1. Whose amide H sits under 5 Å from the amide H of residue 150, counting only residues 5 or more places off or on another chain, with H placed in the peptide plane?
2. In sequence order, what are the phi-derived ³J(HN,Hα) couplings for the range 109-119 according to the Karplus relation 6.51 cos²θ - 1.76 cosθ + 1.60 with θ = phi - 60°, rounded to whole Hz, with x for glycine and proline?
3. Suppose each label sits 7 Å from its Cα in the direction of the beta carbon; what would the residue 101-residue 134 distance come out to in nanometres?
Amino acid sequence: MRPSFLLATVLASTALIPVSTTPSQGANIFAALAGTWSGGGTVRMANGKSEKLRCNAYYTKKGESGLGIAIRCASPSNTIHMRSSLRKGGSSISGTWEERTFNAAGSVSGQATGSTLRLSISGTVSGSLSISLRGKRQTVNISTGGNEMTGVRLNFSRK
């Protein structure tokens with residue numbers, strides 16, 4: 001499995017982990033993310049194959065508008081260790097990410113609206129991420145501009 005595929009998967013997990021309640025309009029979604037999460041999902045490859053993923057995520061709130069993230073995901077063929085730092089200003093989100101196993105990095109930007117995050121990633125891997133929060137569960141959908149992976153769907157819950 002190629003590093004760019006797993007990196008995109010981890011990025012999605014990083015930016016889009018579930019909250020235990022659906023945040024109201026204007027609520028600080030970062031505060032709701034703080035804590036430990038686990039889950040998994042499936043990645044679909046361009047060649048038609050799919051592979052299961054298992055992930056653990058650790059979120060640390062930094063002040064009123066910051067969030068530090070550490071994610072570890074594993075598939076049958078690879079492990080990824082990713083860190084990210086996000087900042088929220090109003091409904092806008094921006095930040096940076098790095099993947100330590102494959103020495104990759106880039107930026108994150110997007111919007112938070114109610115219980116939905118819509119983010120773009122750029123750098124070594126580029127793509128789009130969306131998340132839908134429903135109570136104690138969350139679904140992440142990812143698409144990338146790469147030629148190896150066509151999509152990822154992840155489901156998480158609080159540990």
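1. 44, 45, 46
2. 8, x, 10, 10, 9, x, 9, 10, 10, 10, 10
3. Label-label distance for residue 101 and residue 134, simple model: 3.0 nm.
Each value in this text was obtained by applying a stated rule to the coordinates, not by laboratory testing. Source: prediction; values computed, not measured. We place every Cβ from the backbone using ideal geometry, glycine too, and count neighbours over all the protein chains shown.
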